[in-house]
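None of the figures in this text is laboratory data; all of them are computed from the coordinates on show. Because the structure is a prediction, the values reported are computed rather than measured. Reconstructed Cβ throughout: ideal geometry from the backbone, glycine too, with neighbour counts over all protein chains shown.
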Amino acid sequence: MKHLIDLDDFSLNEINSIIGKAIEIKKNPHEFSNVMHGKIIGTLFYEPSTRTQMSFQTAMLKLGGQVIGFNNPQNSSVAKGENFKDTIKIIGGYADIIAIRHPLEGAAKAASIFANCPIINAGDGSHLHPTQTLTDLLTIAEQKNTLNGLTVGFCGDLKYGRTVHSLVKMMLKYKNNKFIFISTEELQIPDYIKNIIISSGNSYEEVFSLEDSIDKLDILYMTRIQKERFTSIQDYNLQKDVFKLTTDKLKNANHNMIILHPLPRVDEIDISVDDDPRALYFKQASNGVFVRMSLILHILSTKIDENVENLTLNESCNNKLCITNHEKYLPHYFKKDNNSYFCEYCSREIKL
Amino acid sequence: MKHLIDLDDFSLNEINSIIGKAIEIKKNPHEFSNVMHGKIIGTLFYEPSTRTQMSFQTAMLKLGGQVIGFNNPQNSSVAKGENFKDTIKIIGGYADIIAIRHPLEGAAKAASIFANCPIINAGDGSHLHPTQTLTDLLTIAEQKNTLNGLTVGFCGDLKYGRTVHSLVKMMLKYKNNKFIFISTEELQIPDYIKNIIISSGNSYEEVFSLEDSIDKLDILYMTRIQKERFTSIQDYNLQKDVFKLTTDKLKNANHNMIILHPLPRVDEIDISVDDDPRALYFKQASNGVFVRMSLILHILSTKIDENVENLTLNESCNNKLCITNHEKYLPHYFKKDNNSYFCEYCSREIKL
Amino acid sequence: MKHLIDLDDFSLNEINSIIGKAIEIKKNPHEFSNVMHGKIIGTLFYEPSTRTQMSFQTAMLKLGGQVIGFNNPQNSSVAKGENFKDTIKIIGGYADIIAIRHPLEGAAKAASIFANCPIINAGDGSHLHPTQTLTDLLTIAEQKNTLNGLTVGFCGDLKYGRTVHSLVKMMLKYKNNKFIFISTEELQIPDYIKNIIISSGNSYEEVFSLEDSIDKLDILYMTRIQKERFTSIQDYNLQKDVFKLTTDKLKNANHNMIILHPLPRVDEIDISVDDDPRALYFKQASNGVFVRMSLILHILSTKIDENVENLTLNESCNNKLCITNHEKYLPHYFKKDNNSYFCEYCSREIKL
């Protein structure tokens, strides 16, 4: 079975094909309105996320399929003490494909071990959210007609923003993309991302002002800054306006620059920006449906030989938010890379 | 796009056509069981209302369409601080039509400003609930074969009951209808409704006893009286039985009088009345599905030129429950009527 | 109309036909993927039960039908004080068939009195859960190719486990089945079940050790033991391991013994047992969908003459959890058996 836990599960060819098909579906939705007749997606949302859940539901319904699921585990058998495995086994027996959102890192990977059907990671804690990145790529490809040679500015919380890390990594698979990271000192892009950029032969800049760099950008990718990420409220109040996108700051931007945001936004884009033709975040949100339609089609039409060999070690992952530390029966799978070992669930490196 | 925010958005011809089509659908549901194939309704319920939500869902499903939505904004991005506009923009990008219920007045109007798809008002605070009125009209038309020359008694909370106000206003668009308002002094029909009746050349009576007037009625429209509407519990206990419909009080009623109630009921109709053939409130509830099927068809097949010119003033609506006082980015639209100005969202008059 | 409140509502022929059709559907699901086109099931869950609710939803969707419903009455009109009857009347006006789960005993029976559509009991308190028993029967029939001549071991909470009582009663309708009841003294099978077994000419054994009797079993039916069923925590800690199924205890079991469990499990089956080919509880769970598909088909294609005569007495049921003691307008129906009277809702005997 084919799962989507991490975008690394897919080759670049596969990703291009998913994006290409999404564009095709968007042009001719009626040709695809029955292809999933009789199929069911289970949307298991262990934490609420209306937008993501609805975009999966809409995707399946627009393909002629159907939906079961929950968005509140307190109304489910989970509340009776059922373990994660059993829930996945049982709903995997009902559904043809499962999209899962979970507060713990590695939950989607854990689900893929037990399910009798393909699993799509709809967000596992602060770890991965690959369908958001596919949505971003579709929107860029559609607007720019290319995924190469672009200068992408990321603004806001670059330290914790998983969508930022994921999109940077994907853009590195294409050619000649440049990155400008715009943030406070506290919320700078992590070193491991910088290292990946450098080791792949690409370049980046780090700046502290949105205004000073906006004119260089083909894409401005805004993210939500959370008050609690700042060291103090004073600090927050001092800095928040520096990173707020306003019509004023847009004056220096290129006419064909596009503004993206994974949404929900709170305050970081002034509402007056919405009327600017470069503001594409709502279009981006609706692209989420088309890319998920394409993804479901891809996954359910791909058969793979399951000869994955997992490395099991007599070690525990020391990430407290890793699902292996909550569901104790999970096998301790690790990945070896050079001389380092990484938890197969949450990707955290372990020291032996 | 065609929205249904207020019944005034529709001409009498349109309303008659919706009712006529509802009767047709009820007779031949199978002819309509695929007409909405591939279409999705978003049911956005910012406060719970199972009945109304399910009737919209059933309507769309019986037309061959599909449903997404929520009934608890605490499980949605709203809980993350997302503004109303963004939710509407995004779900309007997923769905083909939206039915919205919201505790604030004017919410449906506000949604219609931003949505990329038609909006149906499924109740905005105590302001409007037009699909209930359509349901009432369908039931009367079906049972009486006319909407003219009827004597309608309204009993219960006539002061706050938005369904009462709305049905009176609609019945005035037909000919020779008379109204008998049966309530306590505290819960009498508001003056502005009386004025509308008089200025349209119709007549009404106000009485304090259900028993004394029931023999004159073609239709008895019961409503829920809420304990907290009375000045004291003593007052409530004294008066509640005066307005409770019992089999006893029905003895004086005409054989072909029909009893309606928008439901839910609590105590105002004795359960033994349910077995009386004149008790039509459950039939009325199921008519809600047919009239909504007809409404969805009407809205999705009507294209209109959007040349609505809104009057924007540098004033705020002073209704604390108006959505403009909660979502600050909303434009301040007003309607001028004679020399008065009314908020375009919640219909409240403002003093300049 | 045909309801399923209690399995006694069905003849053995009907039950065999439902199981036979379920096996047929499982083999050729595509032949049934449109038979319920245009039909709607209402799943009214007055208490949460994801698994059961989803299995009904999946069943209807896989037949080409659609779903409405709720899983949290706090989000419904129930919260506004609406009585049970009104909810059932109204949703019975929307849906073509209703599956109802309710914490009070007799709720499904009460619903069947008022609904305009067939009712399926999806669990009424600790009273009945007939679709679980149909699921069990399908799994046994499928695995053993017979429902006769089997030795069935029941392990765990045999006192309160309604699925155990129900399956025993059903297995007695087939030939030459034997029962071994494995439990603590506190959780032994009730006398009335023993009496039914004896009076039907069958035999049973009662034992206190799973290990000692596992080698005699064709079927091991495990159930959840709840901590609070024991007289003390000390008692629980002493005894819980005696009844926990482990790979070790399975060593003595027959190669073709099958292990069933109605799920959810908590601790009573060690997770390592899942990999044993005899562990069929997840297959059993997925069989729940097929048997419910078959059941829906059966019920919606069966017309019966409604000449049920109910015996009404001027007595009240003295079971505090009986729905008649919460919804006061319900008629007081009783069943006479020999010289005893039983509440028609919750099956409790009353003393006159």
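Some points to look at:
- A simple charge model with +1 on the Cβ of Lys and Arg, -1 on the Cβ of Asp and Glu and nothing else charged puts the dipole of region B:130-284 at about 620 debye relative to its Cα centre.
- Peptide C:52-60 has a mean shielding of 4, counted as Cβ atoms of other protein chains within 10 Å of each residue's Cβ.
- When +1 charges are put on Lys and Arg Cβ atoms and -1 charges on Asp and Glu Cβ atoms, the dipole computed for region C:228-345 relative to its Cα centre reaches about 120 debye.
- Protection proxy ranking of B:201-209, B:46-54 - average other beta-carbon atoms within 10 Å, highest first: B:46-54, B:201-209
- Antiparallel DSSP beta bridges within the protein assembly as shown, percent to nearest 5: 20 percent
- Label points for B:His30 are taken 7 Å from Cα along Cα→Cβ. From this copy to the others they lie 2.6, 2.6 nm apart, shortest first.
- Theoretical ellipticity at 222 nm over chain C - DSSP helices of four or more residues, -39500 (n - 2.57) apiece, nearest 500: -10000 deg cm²/dmol
- Between 0 and 90°, nearest 10: helix B:281-300 axis offset from chain B longest Cα axis: 30 degrees
- Listed residue (A:Gly125, C:His30, C:Asn256) projecting farthest to the positive dipole end of the protein assembly as shown, Cβ model: C:His30
- Prolate/oblate/rounded call for region A:86-220, Cα gyration tensor, a/c under 1.5 rounded: prolate
- Most simply put, region B:217-352 has about 60% antiparallel DSSP beta bridges, counting only bridges with both residues inside it.
- Think of each Lys and Arg Cβ as +1 and each Asp and Glu Cβ as -1; about the Cα centre, that makes the dipole of the protein assembly as shown roughly 1420 debye.
- Cysteines, chain A, no other Cys beta-carbon under 4.7 Å: A:Cys117, A:Cys155
- The angle between the Cα long axis of helix A:50-62 and the main principal axis of chain A comes to about 70°, on a 0 to 90 degree scale.
- Three semi-axes describe the equivalent ellipsoid of chain C; taken as square roots of 5 times the Cα gyration tensor eigenvalues and ordered largest first, they are 33, 25, 20 Å.
- Degrees between helix A:12-27 axis and first principal axis of chain A (Cα, 0 to 90, nearest 10): 80 degrees
- Net charge contributed by nearby residues that have their C-beta within less than 15 Å of C:Met36 (K/R +1, D/E -1): +3
- Filter on A:Lys89/C:Lys244; A:Lys175/A:Lys244; C:Lys169/C:Lys227; A:Lys89/A:Lys169 - keep pairs with C-alpha separation over 25 Å: A:Lys175/A:Lys244; C:Lys169/C:Lys227; A:Lys89/A:Lys169
- Ordering of C:315-321, A:126-132 by packing is A:126-132, C:315-321, highest average first (other Cβ atoms within 10 Å, averaged per residue).
- Placing a label point 7 Å from the Cα of C:Lys251 along the Cα-to-Cβ direction, the distances to the matching points in the other copies come to 8.4, 8.4 nm, shortest first.
- Inverse of mean 1/r across different Cα pairs in region C:185-328, Kirkwood, Å: 19.3 Å
- Counting, for every residue in C:88-96, the Cβ atoms of other protein chains within 10 Å of its Cβ and taking the mean gives 6.
- Cα gyration tensor, the protein assembly as shown - rounded (a/c under 1.5), prolate or oblate: oblate
- Position C:Lys240, label points 7 Å along Cα→Cβ, spacing to each other copy in nm (shortest first, one decimal): 4.8, 4.8
- DSSP bridge analysis restricted to chain A gives an antiparallel fraction near 20%, rounded to the nearest 5.
- Whether region B:192-261 is rounded, prolate or oblate, judged on the alpha carbon gyration tensor where a/c under 1.5 counts as rounded: oblate
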